[in-house]
Amino acid sequence: MQSLTVKSRYSTDLVDITREVEGVVKRSRVERGICYIFVPHTTAGVVLNENADPSVRKDIINALERLVPWEGPYTHGEGNAAAHIKAALVGSSQNVPIVKGRLALGTWQGIFLCDFDGPRDRQVMVQPIEAEATDD
Amino acid sequence: MQSLTVKSRYSTDLVDITREVEGVVKRSRVERGICYIFVPHTTAGVVLNENADPSVRKDIINALERLVPWEGPYTHGEGNAAAHIKAALVGSSQNVPIVKGRLALGTWQGIFLCDFDGPRDRQVMVQPIEAEATDD
Amino acid sequence: MQSLTVKSRYSTDLVDITREVEGVVKRSRVERGICYIFVPHTTAGVVLNENADPSVRKDIINALERLVPWEGPYTHGEGNAAAHIKAALVGSSQNVPIVKGRLALGTWQGIFLCDFDGPRDRQVMVQPIEAEATDD
């Protein structure tokens, strides 16, 4: 299990971590299987989406803010309830296929840490998992 | 890693792929573990939900459309920003248990490709992963 | 694959199952890898979020109810369409890292069964999966 430190720059930020995760996969020498990516935080998540046009990232951030406004009728005393709810919607982990020792992402896919209560340093855990060759 | 081609028929479509995934698991001869199902697209996802009553599928599609309308105030120039956001909410992959060489889905569960920007041909990657027997 | 029975107490309930999942991991003697947690239901899910302040759980439940109201314009005849939609948003499974034979959750993270159509007995399947040691 490798641990990466990722810096977010804004209160809500999607940070492209594809290259860092790819580095872990290469060093692991896992040839086929899945790469597990986990965020040990409750106000951050991880998502796969378009890495070509940055406007998609902005649209995702804005849509989540419309669905779960920062200033809502919340009970949590720390003032960041919306960040917890967004993290629950996006999810704490993702898996990406590993084929021939590399991440097998789609053409337009990147891996993004989603910080919903930044800016700050976040931890991302990465674990490549080998799958045995089968009859397929 | 097996690749399936799945045809969606509508602009938004949930396509039942349970049988195709089950076929990959059988051919893999994996007896216990998890079956990883991944969509290498940024405007499509994969979800588990009821396969008995097709109205559930319609309700999921309509609720997502109410939450993330196709015509919103988006910045992405290609006109399909809503599809990217829905894919981020639903997620790009799912895992299903494998028990005794078969998918161990609940009675009412099916596996659905979610196309949010169809109709078109979509790719689904399927990787059964063996878990070692343990003391449990 | 271990099966746990979890009782929910309310129509919508997030039940902390962290300790029960930790017990399965310990008994499995898996030292490093991931712990897969799966709910074989279509109106329940599983989520990771804050286990310290119970008000976060309440905020998540209320926010999901605002996004997907129980009384909506749904077509599913059983009256629980909202529960299906919430389950699709939250997801049917989660993975948690295993490091040195224990769940490697963040300081504030707990594992919660989300029942969206309770109260009732729910099943949770837990499968620890070993990852081979690599060069990292």
Of (1) more than 30 Å from A:Gly79 (Cα to Cα); (2) more than 11 Å from chain A (Cβ to nearest Cβ); (3) out of contact with any His (no Cβ under 9 Å at 6 or more places or on another chain), C:Leu113 satisfies every one except (1)
Next on the checklist: Going residue by residue through the range A:48-62, is there one that turns out to be touching a strand residue (DSSP E or B) at 6+ places or on another chain (Cβ under 6 Å), of a type in the set (A, V, I, L, M, F, W, C), away from chain C (no Cβ under 14 Å) and farther than 24 Å from A:Gln123 by Cβ?
Outcome noted: yes
Is it the case that some residue within the range A:116-136 is facing chain B (nearest Cβ under 10 Å) and within 13 Å of the chain's Cα centre (by Cα)?
-> no
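Rundown of residues vs (1) open to solvent by less than 10 Å² (accessible area, probe 1.4 Å); (2) touching a Gly at 6+ places or on another chain (Cβ under 7 Å); (3) of a type outside the set (S, T, N, Q), yes/no style:
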{"residue": "B:Gln94", "(1), (2), (3)": "no, no, no"}
{"residue": "B:Val99", "(1), (2), (3)": "no, no, yes"}
{"residue": "B:Leu105", "(1), (2), (3)": "no, no, yes"}
{"residue": "B:Ile111", "(1), (2), (3)": "yes, no, yes"}
{"residue": "B:Asp121", "(1), (2), (3)": "no, no, yes"}
{"residue": "B:Ile129", "(1), (2), (3)": "yes, yes, yes"}
A:Pro69 passes all but one of the listed conditions (1) open to solvent by less than 10 Å² (accessible area, probe 1.4 Å); (2) within 29 Å of B:Leu64 (Cβ to Cβ); the exception is number (1)
Taking the criterion of being more than 11 Å from chain C (Cβ to nearest Cβ), farther than 30 Å from A:Ala133 by Cβ and modelled with pLDDT of 95 or more, would at least one residue in the range A:16-31 satisfy it? yes
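For B:Thr75, are the conditions met, namely being more than 11 Å from the chain's Cα centre (by Cα), open to solvent by 20 Å² or more (accessible area, probe 1.4 Å) and either within 13 Å of chain C (Cβ to nearest Cβ) or charged (D, E, K, R) (or both)?
no
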Scanning the range A:78-92 residue by residue, the ones that are touching a Phe, Trp or Tyr at 6+ places or on another chain (Cβ under 7 Å) and either more than 9 Å from chain C (Cβ to nearest Cβ) or closer than 11 Å to C:Ala63 by Cα (or both) total 4
Given (1) among the charged types (D, E, K, R); (2) touching a Leu at 6+ places or on another chain (Cβ under 9 Å); (3) touching a residue at least 12 places away in the same chain (Cβ under 8 Å), B:Lys58 misses just (3)
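What are the residues in the range C:89-134 that are small (Gly, Ala, Ser) and free of Cβ contacts under 8 Å to residues at least 60 places away in the same chain, if any? Reasoning before the result, please.
Initial filter on the range C:89-134 (small (Gly, Ala, Ser)): C:91-93, C:101, C:104, C:106, C:110, C:118, C:131, C:133.
Once the filter is applied, which keeps residues that are small (Gly, Ala, Ser) and free of Cβ contacts under 8 Å to residues at least 60 places away in the same chain, the range C:89-134 yields C:Gly91, C:Ser92, C:Ser93, C:Ala104, C:Gly106.
Looking at the range B:40-51 only, could you name the residues that are over 17 Å from B:Val96 (Cβ atoms) and open to solvent by 10 Å² or more (accessible area, probe 1.4 Å)?
The initial filter retains those residues of the range B:40-51 that are over 17 Å from B:Val96 (Cβ atoms), namely B:40-44.
B:Pro40, B:His41, B:Thr42 - these are the residues of the range B:40-51 that are over 17 Å from B:Val96 (Cβ atoms) and open to solvent by 10 Å² or more (accessible area, probe 1.4 Å).
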For the range B:1-39 the number of residues that are open to solvent by less than 10 Å² (accessible area, probe 1.4 Å) and assigned to a helix (DSSP H, G or I) is 4
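The values are calculated or read from the model by the stated rules, or taken from the named source; none is laboratory data. Worth saying up front: this structure is predicted, and the values here are computed from it rather than measured. So basically every Cβ, Gly included, is an ideal-geometry build from the backbone, and we count neighbours across all protein chains shown. Side chains included, ligands, DNA and RNA excluded: accessible areas come from the protein's heavy atoms. Shrake-Rupley method; radii C 1.70, N 1.55, O 1.52, S 1.80 Å.
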